[in-house]
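Taking it in order: structure first as structure tokens, then the write-up.
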Amino acid sequence: MLLLAKPTRNLFFTGKGGVGKTSLACATAVGLAERGKKVLLVSTDPASNLDEVLGLKLTSQPTPVPKVTGLSALNIDPEAAAHTYRERVVGPYRGVLPDAAVASIEEQLSGACTTEIAAFDEFAKLLGDNGATSSFDHIIFDTAPTGHTLRLLALPAAWSNFLETNTGGTSCLGPLSGLQAQRKLYAATLRALSNAKRTTIVLVSRPDRGALTEAERTRAELAGLGVENQRLVLNGVFTASSDDAIAAALEARGAAALSKMPRALRALPCDEVSLLPFGLVGIPALRAMLDGGKSSNAASPVICHASPACAAEAATARRRPVTLSSLLPLIDEIAASGKGVVMTMGKGGVGKTTVASAIAVELARRGHRVHLSTTDPAAHVDMRLADEVPGLEISRIDPAGETRSYQKEVLATAGKALDKQGRKLLEEDLRSPCTEEIAVFRAFAQKVAAGEDGFVVLDTAPTGHTLLLLDATEAYHRQVSQTMSNLPESVRRLLPRLRDRRFTRVLIVTLPEATPVHEAAQLQQDLARAKIQPFAWVVNQSFAPLEISDPVLRGKAAREQRYIEEVRQKHASRSAVLPWMSTEPVGAEGLQRLARWQPERKDRHPAVAVAGVAVENKSARSFV
């Protein structure tokens, strides 16, 4: 990895869920420490598995990592940070304001936006206060601040002052109400992020269309905020080492995605890390990651034993084969109700859009009236499906268009009686990223209401965005009542509809990997706090049940099994486990094939399509 040759003091690893940010951040930290540097590794991920990877219990204080001289690590707990943040804001008002007013402030500070800023508050101390980290040569962050957070904090001080004094404003008032005291620290933090000599943003991706699209979106957004020193790491690059047809198909798909990489992303300095046949848990495995597995203590071509976790995966693979289960039973149960809302939720890149589209196509093919929509600006819903499948209607909630409409409406109502200065400040308020959340939320409520007349299948945005929509309900009620004479019926009835398990069915989609499963589990907990019970889990794109001869893919399949078992035994009352398909499920026929796929069917031809050629694969199960 050329990244290790001349690293800046601060390194931020960011990217879609499941692309390997934590593994790469840990491996980089180990590599720099073993070059004689003093390194602090920091995780801001709410579903951090830093403890698991490093093999020790971490706290919010730097903890030395055994067997790696010079390396310390810590976990920033976003929930604990949010609690501290809320107390700092609310504490001075306890016993001064009426209890109802204090409760209202606490409600404003209960959303995901507050948690995001609170986490920023914690690592701002590490990044913007040089004295706090003066004993370290490098600070490595697993999960960088999002563009959403940076835009929020970059708003002028006048915005905070306006929100503290004006009751007619909109957007997320709470999170900014306590920032004034921290403004100098935040300003120093933003300067450090945009200083190319001090900070590098490492965009982590896989050779996958969705991951590369997300990396380009992040690159452009951060560049627009003045964060220009960026580089790309392509993780999990795969080259087949056998004549295994599945391996050949995976290599071909990765090559196709890389050939269509956005030009600006292609121009960045780039490192490539191969897909490895062992789990990246434990210091020996992290060392092996940096040299492509050459230093691993491999006991077999399939699984290395660089850590106890690798050995456990091998034992699991020998002991218990994974069985597949299809979407059909879930779709049958959904179809029996005749109407309602289906929502696919989870991290970005796990296949929410594909699963949502497959369900929508199958319901429409059964004669139901179906509306498929997405609230995810990065989603790739195929609009042509509406022409191919009778009874299927498709739409996209356009965040930019919804925001313009909402801004216009608020200026015409709440801004009508303001003087010139007040209107100017309100316009600044409405340029905040939180305005987009509220605007999209309103359109989301209207889509859910349409489930009274047929099926509505919603491909929702990645976890944080979705929770902002759900958490915004009560705050949105207040804001709408300030600007409109009547609360929209769709908004008033939204939460009751989402909580009605006969009307709304939430499918949590994940991959059989540590980070996607653990963040999905966190999502399920957050939904439970909102009194929303998931209908089922879908474990997508699994290699575990397939009969594979390629040694790297056999290692990957063995690692997946522990996470599939975790889903089935700990998290899901219903589940489907879907295989990785060598032919992507696109178009009406491909999506219907995914929806109707069933394991161990004997009437299907045992062949896989590789780059347009049918290749006989006698050992493969019927997964195409």
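Okay, residues lined up against (1) assigned to a strand (DSSP E or B); (2) under 23 Å from the mean Cα position of the chain (by Cα); (3) polar (S, T, N, Q):
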site	(1), (2), (3)
186	no, no, no
211	no, yes, no
222	no, yes, no
236	yes, yes, no
242	no, no, yes
247	no, no, no
271	yes, yes, no
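When the stretch 312-335 is filtered for residues that are aliphatic (A, V, I, L, M) and either modelled with pLDDT of 95 or more or within 12 Å of residue 576 (Cβ to Cβ) (or both), the ones remaining, listed by number, are 324, 327, 328, 330, 331, 334, 335.
Table: residues versus (1) in contact (Cβ under 8 Å) with a residue 24 or more places away in the chain; (2) more than 12 Å from residue 14 (Cα to Cα); (3) open to solvent by 30 Å² or more (accessible area, probe 1.4 Å).
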| residue | (1), (2), (3) |
| --- | --- |
| 190 | yes, yes, yes |
| 193 | yes, yes, no |
| 198 | yes, yes, yes |
| 203 | yes, no, no |
| 209 | yes, yes, yes |
| 216 | yes, no, yes |
| 221 | yes, yes, yes |
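Applying the set (1) open to solvent by less than 30 Å² (accessible area, probe 1.4 Å); (2) among the polar types (S, T, N, Q); (3) over 12 Å from residue 460 (Cα atoms) to residue 413 leaves exactly one unmet item: (1). Restricting to the stretch 62-117, name every residue that is assigned to a loop (DSSP other than H, G, I, E, B), open to solvent by 70 Å² or more (accessible area, probe 1.4 Å), at pLDDT 80 or above and not hydroxyl-bearing (Ser, Thr, Tyr). Those that are assigned to a loop (DSSP other than H, G, I, E, B), open to solvent by 70 Å² or more (accessible area, probe 1.4 Å), at pLDDT 80 or above and not hydroxyl-bearing (Ser, Thr, Tyr): 66, 67, 94, 95, 96, 98. The number of residues in the stretch 1-43 that are open to solvent by 10 Å² or more (accessible area, probe 1.4 Å) and of a type in the set (Val, Ile, Thr) comes to 3. Are any residues in the stretch 343-381 farther than 24 Å from residue 518 by Cα, touching a Ser or Thr at 6+ places or on another chain (Cβ under 7 Å) and part of a loop (DSSP other than H, G, I, E, B), and if so, which ones? Within the stretch 343-381, 380, 381 meet the criteria. Among the numbered conditions (1) under 25 Å from the mean Cα position of the chain (by Cα); (2) modelled with pLDDT under 90; (3) open to solvent by 20 Å² or more (accessible area, probe 1.4 Å), tell me where residue 568 comes up short. Going through the list (1) under 25 Å from the mean Cα position of the chain (by Cα); (2) modelled with pLDDT under 90; (3) open to solvent by 20 Å² or more (accessible area, probe 1.4 Å), residue 568 breaks only (2). For residue 303, the requirement of being β-branched (Val, Ile, Thr), surrounded by 17 or more Cβ atoms within 10 Å (Cβ to Cβ) and at pLDDT 85 or above is not met.
State all residues of the stretch 435-467 that are aliphatic (A, V, I, L, M), open to solvent by less than 30 Å² (accessible area, probe 1.4 Å) and either more than 24 Å from residue 360 (Cβ to Cβ) or modelled with pLDDT of 75 or more (or both); if no residue qualifies, say none.
Within the stretch 435-467, 438, 439, 440, 443, 445, 448, 449, 456, 457, 458 meet the criteria.
The values are calculated or read from the model by the stated rules, or taken from the named source; none is laboratory data. Just so it is clear, the model here is predicted, and its values are computed rather than measured. When we count neighbours, we look across all protein chains shown, and the Cβ atoms used for this are built from the backbone with ideal geometry, even at glycine. Protein only, heavy atoms only, side chains kept; ligands, DNA and RNA dropped before computing areas. Shrake-Rupley method; radii C 1.70, N 1.55, O 1.52, S 1.80 Å.
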